[in-house]
Structure formats: structure tokens, C-alpha cells
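Below is one structure, written out as C-alpha cells; the observations come after it.
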Amino acid sequence: MPRVFVFRALLMVLIFLFVVSYWLFYGVRILETKDSNYQGIVQYAVSLVDALLFIHYLAIVLLEMRQLQPMFSVKATRSTDGETYFYSLGHLSIQRAAVVILENYYKDFSVHNPALLTASKSRAAKHMAGLKVYNVDGPENNAPGQSRAMITAAARRRDTSHNDLYYEEADHDRRVKKRKSRLVVAVEEAFTHIKRMQEEEQKKAPGEVMDPREAAQAIFPSMARALQKYLRTTRQHHCHTMESIQQHLAFCITNNMTPKAFLESYLNPGPTLQYSQNRWFARQWTLVSEKAVTNSLNDGVVFVLKCTDFSLVVTVKKIPFIKLSEEFIDPKSHKFVLRLQSETSV
């Protein structure tokens, strides 16, 4: 639940006190005495305006300018894949800093992809599944020997596991390049077909021209298989639906974009906001902090922002104060005299 912002609450209380006190004085000194001096009434109203203007400037300093100067370097790390970004923040409370981190998370961090994490888990499960221990001495005295055998076998497998990882990654890179080349060729052929269709439709009557949506639906099947295989190989298939791909294709056709521009969204995954909101939007974030969330940021503060699938671990470091001194060097101190001898050796 959001907490009270202290400075904002103080300013609101100050405004309330000023307005109430001025109206009380106005009722006592002017209404009850029935003062007919119009200039005094106007001067009294001007003093209220001056007081509110002073509070307005004070609010600008406390609420806006105070947080503009960078004072802290904030490191936000996603717990699942370790993706990290750094942000510079001013004097903010922990709660407001968490809001700033979440606003920047959706535009900076790549979309969370749980499919990329299953590869390491399956590799570890395969590694443990390859270890088998056979009991040859009987069930009564097999515990020490079994643990020793497990340790020895794990050490032996660990010596060769890096080779398995190397060949697995090399094979994956090869398959990605192969799928990518097929996808690029398929998309270029589809866009070439679109240009041919556009040239033919220019000769037709205005009512028979195909709109971009229909054109996208017409050429999508020719590239669908290559795109689906590439997205599955790179584990991005859960981030894109058939409807979203067709909408993006129609958008590219409408704006006369190239095949490279169409493929950019799939070959180079962008930030989280690029994808459909139901794919990444977390309906609830939980702020976990050992200190009160209304406290200001300090050096060494750590808090966690949790959602359903992952969490953001935020570490705060204070930007050091740099003391720069100047030293004046007299230009005359750099002068020197070069004396050349008249007799030189040949």
C-alpha cells in the first residue's frame, strides 16, 4: 500500500493552515467590522497570494529540484537471468525509487523469457541422471561407499561437462544461423511478391485494390513456417502470436518498409514494452525492504521488487563527492634557453 509522501503532506498541511487562518482573519477583521476600505481588502488578498506563491516555490524546491541532482547509483538486477541496469537517482524515498525503477524496467529490460532458463535446468538434470550407483556389498553398509562413489563420479563428469556445453552451444548457434538464413530468404521473397502485386494493382480500378491487411494475410503463409521454426529455435515463440505478426506485417506494408525492418523485431529482441501487454504485464509488484519505505535512499540500502515469476534486486551506492582543486602554473617557468656550440663533430 502506498505510504504518505512526507514533504507533500507537510506542504498540503501548510496550505490548509494558511488558507484557513486567512479566511478567519478576513471574517473577523473585515466582515464583522464591515470595513468599507476597498484598498485594505485588496491588500489583504494580495498578502494571501504572496503567501501561496511562496509555498508554490517551496514545493518546487522540495518536490522537483531536490531529486534532479544525481546522488545515488542504483543497480537493478533481475533474479532469473542476471540482466542488470544502472540508474542515477537523487534524494528519493525507497518507495518512490521503487516506482522509478519499475517505470524504467519496462522500457530498458528485455522481456522475461522463462524458456531460456529451461536449457540449463535440463542440462543439470541430464548430468545427474547419468550418475548410477550399484550396491554390491549389501544394503547394510552402502551409505559411505555410495556417497564416495557419487562424489568421484560427479568429479569425473565435471571434467568433461564443459565439452558437452561447448558442443551444445555450437550446435545451437549453427541451427540459429541456419533458421535465420531461411527466414531472411523467405521474407525477402514475400516482400518481392508484394511489390509485384502492388505494380499490378496500380493498373486496376480503385475499388479492386487490396488493402495492407489482406496483403499481409495473403503472403504470411509463405513465411510462416520459417518464422515459426526460427522463433522456436531462439525460444521466442511465446512472445509472438500469429495475430501480432500479421499486424506487424500489415504495418510494414502500409509504411512501405523493407524486409530488414520487418525482421528487426524478431532478429534483435527489444525491450519489454515492444511486446503485447498480456505477455509481460505484472498486475502486482511487492516491495520488500528491511528499512521503512518512507526513509530516504542511503549508501548500502538493498530492497527487492517481487512479482509472480521473478524479482528485481536493487542495490544503492552513493556517488562519491569529488573535490577538485586548481593550481596555477606561471607560464614563465616553462621558458628555457638552448645553447648551441659553434664547433660540431662531423
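The values are calculated or read from the model by the stated rules, or taken from the named source; none is laboratory data. Just so we're clear, the structure is a prediction, and the values are computed from it rather than from any experiment. Here Cβ is always computed from backbone atoms with ideal geometry, including for glycine, and neighbour counts include all displayed protein chains. Remember, those area values only see protein heavy atoms, side chains included, never the ligands or the DNA or RNA. Shrake-Rupley method; radii C 1.70, N 1.55, O 1.52, S 1.80 Å.
Restricting attention to the stretch 309-324, the residues that are open to solvent by 100 Å² or more (accessible area, probe 1.4 Å) and either farther than 30 Å from Ala115 by Cα or in a strand (DSSP E or B) (or both) total 6. Taking into account only those residues within the stretch 81-112 that are under 15 Å from Ser289 (Cβ atoms) and either of a type in the set (D, E, K, R) or in a loop (DSSP other than H, G, I, E, B) (or both), which is least open to solvent (accessible area, probe 1.4 Å)? This residue is Leu92. Just a yes or no: is a residue in the stretch 124-135 open to solvent by less than 30 Å² (accessible area, probe 1.4 Å) and either modelled with pLDDT of 90 or more or assigned to a helix (DSSP H, G or I) (or both)? There is no residue in the stretch 124-135 that is open to solvent by less than 30 Å² (accessible area, probe 1.4 Å) and either modelled with pLDDT of 90 or more or assigned to a helix (DSSP H, G or I) (or both). Of all residues in the stretch 225-253, those that are closer than 19 Å to Arg182 by Cα and hydrophobic (A, V, I, L, M, F, W, C) have Cβ atoms under 6 Å from Cβ atoms of residues that are open to solvent by less than 30 Å² (accessible area, probe 1.4 Å) and modelled with pLDDT of 90 or more, 6 or more apart or on another chain, in Ala226/Leu183; Ala226/Ala186; Leu227/Leu183. The residue of the stretch 314-328 that is farthest from the chain's Cα centre (by Cα), among those that are within 16 Å of Leu89 (Cα to Cα) and aliphatic (A, V, I, L, M), is Ile319. When Ser265 is tested against (1) small (Gly, Ala, Ser); (2) exposed (fewer than 12 other Cβ atoms within 10 Å of the Cβ); (3) within 26 Å of the chain's Cα centre (by Cα), only condition (2) is not met.
Table: residues versus (1) part of a helix (DSSP H, G or I); (2) within 30 Å of Asn295 (Cβ to Cβ); (3) open to solvent by less than 60 Å² (accessible area, probe 1.4 Å); (4) hydrophobic (A, V, I, L, M, F, W, C).
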residue: Phe7; (1), (2), (3), (4): yes, yes, no, yes
residue: Leu14; (1), (2), (3), (4): yes, yes, yes, yes
residue: Val19; (1), (2), (3), (4): yes, no, yes, yes
residue: Leu24; (1), (2), (3), (4): yes, no, no, yes
residue: Ser36; (1), (2), (3), (4): no, no, no, no
residue: Val49; (1), (2), (3), (4): yes, no, no, yes
residue: Phe54; (1), (2), (3), (4): yes, yes, no, yes
residue: Tyr57; (1), (2), (3), (4): yes, yes, no, no
residue: Gln69; (1), (2), (3), (4): no, yes, no, no
